[in-house]
Amino acid sequence: MAVAASGYLRISATDVDAWMDFGTGVLGLMDAAREDADGARFLRMDDHPFRFMIEPGDADRLLATGLEFPTESDWLQAVASVKSAGHAIEVGSAHEAARRCVSAFATAEDPCGNTVELYWGRHLDYVPLASPTGVREFVTTYRQTGDMGFGHLVLPAPDIDAATTFYTELLGFGVSDILHPPGMGPMRIHFMHANNPRQHSLALFSGEHPLGVVHMMVEVGSMDEVGLAMDRAKAADVHFLATLGRHVNDNMCSIYILAPGGIAVEYGYDGLLIDPETHVATVSDEGDLWGHEYNFPGVN
């Protein structure tokens, strides 16, 4: 039993239209044009019906992370493991499962209050990506090994050890790397891989974050696609949280930009692929090989 991939995100936005304009016009994602009684809008990046659900709300923040399990049996084992460890978990209704385009899901909170939706059986419609900006592909699969999810995300986890235990022992993630960011004292980031070749599908940051997510990442198939996204972001007057750079542990060459409402989005290429069965965890004291000069809003 192990998580197959980080499958989707549910995001609350005070300006859904602005988020959709950013998602389609800057990131190059496709408007899934799905109907929703609650007013949500949907962004797709591959043959999945959506990867990001943008929901109207009174605050900008991450609502939930959808974690995919390969089979119903794996999903049931995960639900039982979370429950037996003393965490509250609730199986969603058939209506809510249909809204997420999954066969079944269950909602729980990790020890730091981050909401996760464990699911299995994504209902694919196989509509090909038609990016409004001409992005040829987003990296969500690898050869014939199957789904690698939308990319990755980093969640706030003040009690990082308890949260790491939750994701590794109950959900089956494996630790890929432990980063001690230079100049940040005792802060740590635990990078974790799912049962796919992406170096990490989820990471935990040992601190708070007001938006419920430190950043989310989408990966494209060429360096040119990153450069074109940089041009689109500049033309749209989007704030660059970090300049172009390359990370040490996952090799990703990327930029960081802010979506409407402030959620940071990493847009990258050339992420490291691993064998999740044999990968040996590393410990890093440097985050970047080069670049990634950060510019936090309101910080001089």
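The values are calculated or read from the model by the stated rules, or taken from the named source; none is laboratory data. Keep in mind that what you see is a predicted model, and the values were worked out from it rather than measured. Note that each Cβ is placed from the backbone with ideal geometry, even for glycine, and that neighbours are counted across all protein chains shown.
One table, with the values for the structure above:
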read-out: Matching residues, the range 250-300, being among the acidic types (Asp, Glu) and assigned to a strand (DSSP E or B); value: GLU266, ASP288
read-out: Some residue of the range 198-218 being outside any loop (DSSP other than H, G, I, E, B), touching a residue at least 12 places away in the same chain (Cβ under 8 Å) and more than 20 Å from ASP250 (Cα to Cα); value: no
read-out: Meets criteria (among the β-branched types (Val, Ile, Thr), surrounded by 18 or more Cβ atoms within 10 Å (Cβ to Cβ) and either farther than 25 Å from LEU211 by Cβ or out of contact with any strand residue (DSSP E or B) (no Cβ under 6 Å at 6 or more places or on another chain) (or both)) for ILE263; value: yes
read-out: The listed residue being closer than 30 Å to ILE189 by Cβ, modelled with pLDDT of 95 or more and in contact with a helix residue (DSSP H, G or I) (Cβ under 8 Å, 6 or more places away or on another chain), out of LEU63, LEU118; value: LEU118
read-out: From ALA242, ALA194, ALA236, ALA281, residue being surrounded by 22 or more Cβ atoms within 10 Å (Cβ to Cβ) and among the small types (Gly, Ala, Ser); value: ALA194
read-out: Residues being exposed (fewer than 14 other Cβ atoms within 10 Å of the Cβ) and either closer than 14 Å to LEU244 by Cβ or of a type in the set (D, E, K, R) (or both) - total across the range 284-300; value: 7
read-out: Condition broken by ALA85, with the remaining ones in (1) among the hydrophobic types (A, V, I, L, M, F, W, C); (2) touching a helix residue (DSSP H, G or I) at 6+ places or on another chain (Cβ under 6 Å); (3) modelled with pLDDT of 95 or more; (4) surrounded by 15 or more Cβ atoms within 10 Å (Cβ to Cβ) satisfied; value: (4)
read-out: Sole exception among (1) surrounded by 15 or more Cβ atoms within 10 Å (Cβ to Cβ); (2) within 16 Å of ASP110 (Cβ to Cβ) for THR165, by number; value: (1)
read-out: Residue, nearest to PHE150 (Cα to Cα), within the range 36-60, restricted to residues that are among the acidic types (Asp, Glu) and at pLDDT 95 or above; value: ASP46
read-out: Meets criteria (touching a Leu at 6+ places or on another chain (Cβ under 7 Å) and surrounded by fewer than 20 Cβ atoms within 10 Å (Cβ to Cβ)) for THR107; value: no
read-out: Every pair of residues 6+ apart whose Cβ atoms lie under 8 Å, when the first sits in the range 272-300 and is modelled with pLDDT of 95 or more while the second is of a type in the set (Lys, Arg); value: LEU273/ARG198; ILE274/ARG198; ASP288/ARG246; LEU289/ARG246; TRP290/ARG246; GLY291/ARG246; HIS292/ARG246
